[in-house]
Amino acid sequence: MGAGFGLEALVGAFMFHAYGAYVVLLREEFGWSKTLLAAAFSLARVESGILGPVQGWLTDRFGPRVLIRTGMTIFAVGFMLFSQIGSPVTFFLTFFLIALGSSLGGYLPIAVAIVTWFRRRRALALSVSATGMGVGGILVQFVALAMTRWGWRWTAFASGVIVLLVGLPLAQVVRRPHAYGERPDGDREADASLAGARTARAVDFTAREAVRTRAFWCIALGHGTALLAVSAIMVHFLIHVTEQLGYSLREGASLVALITVVQVVAQLAGGWAGDRFSKRGIVVACMVAHAAALVLLAHAVASWMVVAFAVLHGAAWGIRGPLMSAMRADYFGAASFGTITGVSSMVVMLGMMGGPLIAGLVADRTGSYVAAFEALAGFAALGSVFFVLATPPRPPRRVGAEAPVLRTI
């Protein structure tokens, strides 16, 4: 869990949260359009979706450590090459490498490892690990400071060096419980049998069985609509507040830090609540909060409205994020969790891809982000409906198998 936290922090600080700052400086140096810069982020997410099923299968087959080690190496090399770009072609190619490395070494294999380590406090464990992404958002202030002092090229190269020095040792720590002779939740064999008595007959779905359920598609579509909002803000928030609201880059980075401070606190609170209350009900409320936050940002005319957006968006993102993985694990089990998550990423990636493109295209055509953020708010509201419909699936029927118990959320 601690290694997952550190790895998520590296990805968050150097890529996801820092990308908006790179966009501001790349526009200043090269004059590239918002749409072009958003397209790089979006196309990289296509890679994540296409790779997802294979990555999930590889993680289930060979374990998360191998993929994370490979991913961190590619992530670091991508940043070093990115520091030398001079054209849209080299920009797209190097950013593709960065995105590939962050996918292989990031969320999916980390989540697989955590799901196999924890059962009773799964939501909290996933939340603690995911706070690394939020801490990365706080650290982006230092990344932005480095860009203003030494330039974005030296900052990118140094980011690659740090990933090698920190990410590879952390990758060595990530293993499944049996590699240490342990059991999930740290139980001994007798304790595990007693603690798992109530769920001993619960079925682990295969990926083929999971995709036949309504819950699989509703979770994937709801997750995708949530990421429409998240990805659009990642790419366009700093452009919006610096070019249209008059903030400096450092002031904008401070707002990103506020979003992520709230996100970190909310993740821990959401993990605690997710282990005690309905995960689905909590997520529905978060989707409504995403929609309200985007409406606030679209019509912001005062600082308090931008701050209110940051708090509401950060809270919704923080609480909702880890519960996506917890719901999948609760509904479908841990045995094929990596493959199931990987297959769902083919749907989820549409949100990561679509958010920046929608916002960039609309902003280039209209000259502002008002209509774009309003449209994304509508999609977030639609996402709440998908989660309302994401009720727990019935266990699959198998010839000759004893009738399994239903999973509860």
- Task: Those residues that are surrounded by fewer than 20 Cβ atoms within 10 Å (Cβ to Cβ), aromatic (Phe, Trp, Tyr) and free of Cβ contacts under 8 Å to residues at least 60 places away in the same chain, I need them from the range 71-101; list them, please.
- Result: 92, 96
- Within the range 13-36, how many residues are under 21 Å from residue 150 (Cβ atoms) and small (Gly, Ala, Ser)? 4
- Query: Given the conditions (1) part of a helix (DSSP H, G or I); (2) closer than 23 Å to residue 331 by Cβ, which single one is not true for residue 295?
  - Reply: (2)
- Look at residue 276 and say whether it is at pLDDT below 85, in a helix (DSSP H, G or I) and farther than 25 Å from residue 382 by Cβ. no
- Does residue 89 count as more than 16 Å from the chain's Cα centre (by Cα), at pLDDT 75 or above and more than 30 Å from residue 319 (Cβ to Cβ)? yes
- Quick one: which helices (runs of 4 or more DSSP H) lie wholly within the range 132-205 and hold at least 2 residues that are modelled with pLDDT under 85 and not β-branched (Val, Ile, Thr)? 168-173, 189-195
- Check 167, 134, 101, 105 and return the single one that is small (Gly, Ala, Ser) and either out of contact with any helix residue (DSSP H, G or I) (no Cβ under 9 Å at 6 or more places or on another chain) or closer than 26 Å to residue 252 by Cα (or both). 134
- Could you check residue 247 against (1) surrounded by fewer than 23 Cβ atoms within 10 Å (Cβ to Cβ); (2) within 18 Å of the chain's Cα centre (by Cα); (3) not hydrophobic (A, V, I, L, M, F, W, C) and say which number it fails? (2)
- Query: in contact with a His (Cβ under 9 Å, 6 or more places away or on another chain), within 23 Å of residue 237 (Cα to Cα) and at pLDDT below 85 - does that describe any residue in the range 341-351?
  - Reply: yes
- Task: Evaluate the following for residue 382: is it surrounded by fewer than 24 Cβ atoms within 10 Å (Cβ to Cβ) and not basic (Lys, Arg)?
- Result: yes
- Could you tell me which residue of the range 298-328 is surrounded by the fewest Cβ atoms within 10 Å (Cβ to Cβ), considering only residues that are assigned to a helix (DSSP H, G or I) and of a type in the set (Val, Ile, Thr)? 307
- Within the set of pairs 6+ apart or on separate chains, which have a first residue in the range 123-140 that is at negative phi, a second that is of a type in the set (D, E, K, R) and modelled with pLDDT of 70 or more, and C-beta atoms under 6 Å apart? 123/275; 124/275; 132/8; 133/8
- Task: Scan the range 360-372 and report the pairs whose first residue is surrounded by 15 or more Cβ atoms within 10 Å (Cβ to Cβ) and whose second residue is in a loop (DSSP other than H, G, I, E, B), with Cβ atoms within less than 8 Å and a gap of 6+ or a chain change.
- Result: 360/33; 362/369; 363/369; 370/299
- Given (1) buried (at least 24 other Cβ atoms within 10 Å of the Cβ); (2) without any contact (Cβ under 8 Å) to a residue 24 or more places away in the chain, where does residue 104 come up short, assuming only one miss? (2)
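Yes/no per residue for (1) surrounded by 24 or more Cβ atoms within 10 Å (Cβ to Cβ); (2) part of a helix (DSSP H, G or I); (3) at pLDDT below 75; (4) more than 15 Å from the chain's Cα centre (by Cα):
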site	(1), (2), (3), (4)
24	no, yes, no, yes
32	no, no, no, yes
36	no, yes, no, yes
41	yes, yes, yes, no
49	no, yes, yes, no
52	no, yes, yes, no
56	yes, yes, yes, yes
68	yes, yes, no, yes
- Task: Within the range 70-113, count every residue that is outside any helix (DSSP H, G or I) and among the polar types (S, T, N, Q).
- Result: 3
- Does the range 385-400 hold any residues that are assigned to a helix (DSSP H, G or I), of a type outside the set (Val, Ile, Thr) and either surrounded by fewer than 17 Cβ atoms within 10 Å (Cβ to Cβ) or in contact with a Lys or Arg (Cβ under 7 Å, 6 or more places away or on another chain) (or both), and which are they? 387
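The values are calculated or read from the model by the stated rules, or taken from the named source; none is laboratory data. The shown structure was predicted, so the numbers you read here are calculated from the model rather than taken from an experiment. Ideal geometry is used to build each Cβ from the backbone, glycine not excepted, and the neighbour counts take in all protein chains shown.
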